[in-house]
Amino acid sequence: MNNCKSNKGLRILLCLISAVLFLIPVLSIGTFAEKLDEIPLGNAASVYIYNLDNSVILTSKDSDKRIYPASTVKIMTGLICCENLNGRQKEKVRVTEKMVSFIEGRYMGIKAGDTPTIGDLLYLGFCGGFNDAIVIMEYLIAGSESDFVALMNNRAASLGMKNTHYTNATGVHNDNMYTTAEDTAILAKAAYSNGLLMTVTSALDYATSGFAKTFAFDNYNSLISNSRYHNPLCRGLNAGSTPAAGACAVTVAEKNGVSVLSVVMGAKIDDYNNNYAYILTSRLIDWAFDCFGYIDVFSTSDVICEVPLSLALDTDSVIAVPERKVSYYLPKSITVSKTPGENTSADITYSYRLTEPTLEAPVEKGRQIGFLSVFYRGELIDTVAIVAGTSVDQSRLLYVFDKIREFSKSDFFIGAVITFAVCGILYIVAVSVIKGKRSSQRRRRRR
């Protein structure tokens, strides 16, 4: 009996050790800030990480390379379905034999005669990943699979997805169906703005209401559901795999008001069943939040230059400062040059242009006097007005003297002076002539 207890204890210990070893790749996710070159991107065919708030591409790998789309097809399908069926979620659909006569891939087993609600179908298709629900919605919206696929390809073209072609709505492999990580990101941006689709794909689980029996299921996307890959920062959109396409995961992570879109395509699933679409997604999301942030490049107290000033008693210049704070989503390790002009060793450089190269007092604080241009690695990222940083009063004495000086330079004054000078000269000449004549007359009389 003691041996049985001992063996049982040993088995429990071995199971615990196995479980810990199995979880190591996942437990390491997010435990430390890491550099991009420490993330094994070689385990995916393509990657695209994008800030949705300011349209900054944080990193990408082979994002323009054509690949098989796998379940990312369902993002396009979901967008079209949610746009067409929103507001009809409580409406029941009677399933026909034609709708479920041929289903490939993952399916729930919906039968002809079933009456699911449209809400059931949306959650079954885009939360649970069941292809029979998607095919039913195809018929409901377009009347046939081919007509629905035409809607998908037309929508892809309208979004600017130049390297994408769909052949079905479920993501079942087809050699003629392709996309890129960049095109998938374009699609995900559009889908992210659809509130119904994001609600459906962000649900942890769902229980149907329109069937004879309730059917409950978890989100097929393991980043969302309560799985070992669960990431609490993630919302929606889709994940899946096929043998030809590999594993894929497309999601949006939100933290501290920042939204990051992650696209990982063609990822490996290794011999230990570690899904690198999920692993890389979480590590890339952690990397994005650890290494990027909104950097205050310039504050409203930063002196850009000093502008020469006249007619002020206590100063001969006024400081020029940015009208507003200049912030940008950038790597936290950037270097900023506080000297205008090019600086090849700095990531952030700037230049400025004054619309008023000199000023006269009085000057009010906040008066616009130029523009500041800010560059990140040579690319313009912001332009902001330059304003006077302080108010300066005018000296009345200097003002009077300046007006006298200005008057002395005026054409009227110069003309008056010339006229006065000419008149003076003429007067002197006239007096001299008259005096000369009188002197001559006096000399003649003496004779």
Roughly how compact is region 129-230, stated as its Cα Rg over 2.2 N^0.38 Å to two decimals? 1.20
Hey, what's region 154-278 come to in accessible area per residue, 1.4 Å probe, Å²? 41
Translational D in µm²/s for region 198-312 (Stokes-Einstein at 25 °C, 0.890 mPa s, Kirkwood Rh from C-alpha pairs): 143
Computed accessible area, Phe375, all protein chains, 1.4 angstrom probe, square angstrom: 50
Region 207-257: C-alpha gyration tensor shape, a/c 1.5 cut-off, then a/b vs b/c: oblate
Arg106: accessible area at probe 1.4 Å, nearest 10 Å²? 90
Run the accessible area of region 136-249 with a 1.4 Å probe and give the carbon-and-sulfur part as a rounded percent. 48
Please list, or write none, the aspartates and glutamates whose alpha carbon is within less than 18 Å of the alpha carbon of Lys98, excluding same-chain residues fewer than 8 places away. Asp114, Asp132, Glu138, Glu145, Asp147
Nearby lysines by direct alpha-carbon distance to Lys338 (threshold 20 angstrom, same-chain neighbours under 8 apart not counted): Lys325
What pairs from Lys65/Lys189; Lys74/Lys162; Lys189/Lys255; Lys74/Lys332; Lys65/Lys268 go past 26 Å between their alpha carbons? Lys74/Lys332
How large is the Kirkwood hydrodynamic radius of region 248-407, in angstrom, based on all distinct alpha carbon pairs? 19.4
If you count only protein heavy atoms with a 1.4 Å probe, what accessible area per residue comes out for region 279-381, rounded to a whole Å²? 52
Put one equal scatterer on each alpha carbon of region 313-389, apply the Debye formula with no solvent term, and list log10 I(q)/I(0) at q = 0.24 1/Å to two decimals. -1.10
What accessible surface, in Å², does a 1.4 Å probe find on Thr315, ignoring ligands, DNA and RNA and rounding to the nearest 10? 50
Can you list the aspartates and glutamates whose alpha carbon is less than 16 Å from that of Lys35, not counting same-chain residues fewer than 8 positions off? Asp286, Asp290
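The values are calculated or read from the model by the stated rules, or taken from the named source; none is laboratory data. Keep in mind it's a predicted model, so treat the numbers as computed, not measured. Side chains included, ligands, DNA and RNA excluded: accessible areas come from the protein's heavy atoms. Shrake-Rupley method; radii C 1.70, N 1.55, O 1.52, S 1.80 Å.
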